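See structure below.
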Amino acid sequence: MPPLSPLDLPHDDPYGPHNLPYGVFTTPDAPDLRRIGVRYGDHVLDAGAAAAAVGSPHAALLGHPTLNPLMAAGRPVWQAVREELRGWLTESAHRSAIEPLLHPLTTVALHLPFEVADYVDFYASEHHASNVGRIFRPEGGPLTPNWKHMPIGYHGRAGTVVVSGTPVVRPRGQLRPPAGQPESAQPTSGQPTSDQPTSDQSAPAHSALPPFGPTRRLDFEAEVAFVVGAPSPFNTPVPLSGFHDHVFGVCLLNDWSARDIQSWEYRPLGPFLGKSFATSVAAWITPLDALAAARTAPPARDVPLLPYLDDSATDAAETAGAAEPGGLDLRIEVAINGHPVSHPPFAAMYWTAAQQLAHMTVNGASLRTGDLFASGTVSGPEPDQRGCLLELTWSGRDPLRLPDGERTFLEDGDEVTLTAWAPGPGNNRVALGEVTGCVVPSTP
């Protein structure tokens, strides 16, 4: 029998015509020529060349070396291009033109698929926030008083967002002084949390210097990120109903964290050097429309919300297109050195991406094409659903047992891989592109 064409996918392939995520790739014969690609099975379609071959009106948009122009074009264009791609890959009339433009994944290099404008990280999992509160504030309530009134977030560093597969150098910085050594500033209520600022009271200054060196508590954070396509004007908040008009797609994200650097610098401001050294994102951006079958209601709200965040009337308004349920049923797996250690459920997230976008712009902040906002650590209610080592090991108290030894935090040479899938149409699965990163030793 002749070999199967890469166009002949099994109906249940998680990268079939119901998915079609976007990326940017190069080939060995043209390593400097970045091209927009669309994943189809275990191949990559050269989208720009395909558009030119069939005379598509969107050939210019797909001919760029980055997704940003396509992302900026807006939802009607996203939908039209997606429909064209599905036709090119499934209709026999295009077979002879399209088949030669499919490259095996094993032969291409993948790159950061878009230019990141701003990066915002949220703190949207009640299970994660509660666990962190119990770890660091055992004498008090697990959640801070503001947590259920608004999505907590912080601005990250866009310039250190890197594509999956990029090595992660163990960062160096000031570390929290060892127990018994005086500190120049003490928090008012125990050790600061991993993801939220604490209040600060100054203690008398002293001459002892804090230690400086490579982090000893390097952690991963399993997250889901959303990529903004269409911008918004300055001083024009985006309502819940505007989510699909502005968000181009979804990807997995690992927000690497140096917990000891992080805990020392939280006096009292937010994440800085403990987070800004690297944030890994998938090479593939899954269009929102590919996740239509995965849309789900978020957990029940037990605190009333201000109108701009209130999604309680979503079900009634959804058919009129006036609201956005926002929740997504994504099943994530985290593996260290190939060994699964956690299965965080994204459907359990308290705050939705639509609420995060609304909160991010309610003060008049504008959106730019390429803005990236992440969910924060995804954790579920069960011990094997925790999305970071801080939780999995309870801040090092309970080491994680792996085939190659125990871990409290990541060691040099450890490779962390995030994968995920979502329910798709016809009982199919929609796979999200993986995020992987290997820890390499600190450089002086």
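A few comments on the model shown:
- Calculated P(r) tail over 17 Å for the range 335-381, as whole % of Cα pairs: 51 percent
- Maximal additional length on extending the THR160-ASP42 stretch stands at 39.6 nm, based on 0.36 nm per residue less the C-alpha distance.
- Every helix of 4 or more DSSP H residues in the chain counts as -39500 (n - 2.57), and over all residues that averages to -4500 deg cm²/dmol at 222 nm.
- Charge dipole (Cα centre; +1 on Lys/Arg Cβ, -1 on Asp/Glu Cβ; no other charges) of the chain amounts to roughly 740 debye.
- When the inverse distances between all different Cα atoms of the range 300-444 are averaged and flipped, the Kirkwood radius reads 18.0 angstrom.
- For the range 301-444: relative contact order, % (alpha-carbon pairs under 8 angstrom, 6 or more apart): 22 percent
- For the residues TRP421, TRP284, a 1.4 Å probe over the protein chains yields an accessible-area ranking, largest first, of TRP421, TRP284.
- The range 386-444 and the range 134-179 have their alpha-carbon centroids 16 Å apart.
- Taking 0.36 nm per residue of sequence separation and removing the Cα-Cα distance, the PHE212/HIS11 pair yields an extension gain of 66.9 nm.
- Extreme residue, positive dipole direction of the chain, given options ALA179, THR419, LEU357 (C-beta unit charges): ALA179
- Compactness ratio for the chain: Cα radius of gyration over 2.2 N^0.38 Å (N = residue count) comes to 1.01.
- Relative contact order of the range 1-135, taken over Cα pairs closer than 8 Å and 6 or more residues apart, is 28 percent.
- Solvent exposure of the chain amounts to 41 Å² per residue of accessible area, where only protein heavy atoms count and the probe is 1.4 Å.
- Using a Förster distance of 45 Å, the FRET efficiency for ASN235-ASP32 (Cβ separation, nearest 0.05): 0.65
- Cα-projected label distance for ARG397 with THR443, points at 7 Å along beta-carbon direction, nm: 3.9 nm
- Counting only Cα atoms, the range 9-49 measures 34, 15, 14 Å along its principal axes, largest extent leading.
- Percent carbon-and-sulfur accessible area, the chain, ignoring ligands, DNA and RNA, probe 1.4 Å: 56 percent
- Mean-square fluctuations from a GNM of the chain, with a 10 angstrom spring cutoff on Cα atoms, peak among VAL161, VAL169, VAL38 at VAL169.
- Note: relative contact order over the chain, using C-alpha pairs below 8 Å and six or more positions apart, is 21 percent.
- Extension gain, ASP302 to THR107, is 65.1 nm, computed as 0.36 nm per intervening residue step minus the present C-alpha separation.
- Based on Cα atoms of the range 1-146, Rg over Rh with Rh as the Kirkwood radius reads 1.17.
The values are calculated or read from the model by the stated rules, or taken from the named source; none is laboratory data. The model shown is predicted, which means the values in this text are computed figures rather than measured ones. Note: ideal-geometry Cβ built from the backbone for every residue, glycine included; neighbour counts use all protein chains shown. Ligands, DNA and RNA are stripped out before the accessible areas are found, and what is left, the full protein with its side chains, is counted by its heavy atoms. Shrake-Rupley method; radii C 1.70, N 1.55, O 1.52, S 1.80 Å.
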